[in-house]
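One structure below.
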Amino acid sequence: MGASNSTPQTVVSVNDAISAAVGQDDTYYPRHSEDAVAALNILRHRLPSELVLQVLEYAQYWIRSEVYRNDRLAFTENDCRDRTPYLTSRRIQGNRFPVREIKIDIWSHDQGWSSYREDYGTYRNSWTWFELGIQRTDDRDDLTQGEELRLVTNIHASKDAKHHQIIYRDDQNLHWLSNLQAGDRISIIPRARFPGWKNFVDEASIEIYTDPIL
């Protein structure tokens, strides 16, 4: 079992993160562009159009697309060779480069043991992790070349599922994010390496926030 250079992520116990709460956000998001146009027209009765656009931007009045899966699966190195996703988003909505934010939640753990007891409870020498997949139509450039697409690494030798949340925003100047287009999809890809290492996924979700077409 080898070494890993992954960056530590913020995690909480799965017992502290009630998975049933996924998708129960009371915040209202427009369902489609027509909702955003309706809001724009209502506010224009009171405010200038330029100010209305600023208000909608400040309020992050974006279209939200969410997918969720809670099938408990285990992935060994052999299982990961074809890079089969655990979860794939719906096709991105909006204009040509519409993505404003992506939020990914994963509840997972490894096999719960290893030969390196000094690394237990850390991210050192951890050989189960997740990568971001980008699925595009055949006539579009591959956005994965030269990009760091590791999402998160499991804590070394933990039998308890941990909740990892990864958020990408359009102000982070990520090449792959700024070049996502309507029709593209993203996915969560489980990975494992070396005999004995196994990646257990309990559940995951993907939320994509896009600009409505105004």
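Readers should treat all values here as calculations from the given coordinates under stated rules, not as data from a laboratory. The structure displayed is predicted, hence computed values, not measured ones. Here Cβ is always computed from backbone atoms with ideal geometry, including for glycine, and neighbour counts include all displayed protein chains.
Quick notes
- Peptide packing: for 74-87, 98-111, the average count of neighbouring Cβ atoms within 10 Å per residue gives the ranking 98-111, 74-87, highest mean first.
- Full-extension gain in nm, residue 167 to residue 124, via 0.36 nm per residue minus C-alpha separation: 13.2 nm
- Candidate aspartates and glutamates - alpha carbon under 13 Å from residue 103, same-chain residues fewer than 8 apart omitted: 66, 170, 207
- Spin-label pair residue 181-residue 136: with each label point 7 Å from Cα along the Cα-Cβ axis, the two points sit 0.8 nm from one another.
- Counted charge near residue 120, where neighbours are those whose Cβ lies closer than 15 Å (Asp, Glu -1; Lys, Arg +1): 0
- Under 5 Å between amide hydrogens, built in the peptide plane, is the criterion, and for residue 203 it picks out 107 among residues at least 5 positions away or on other chains.
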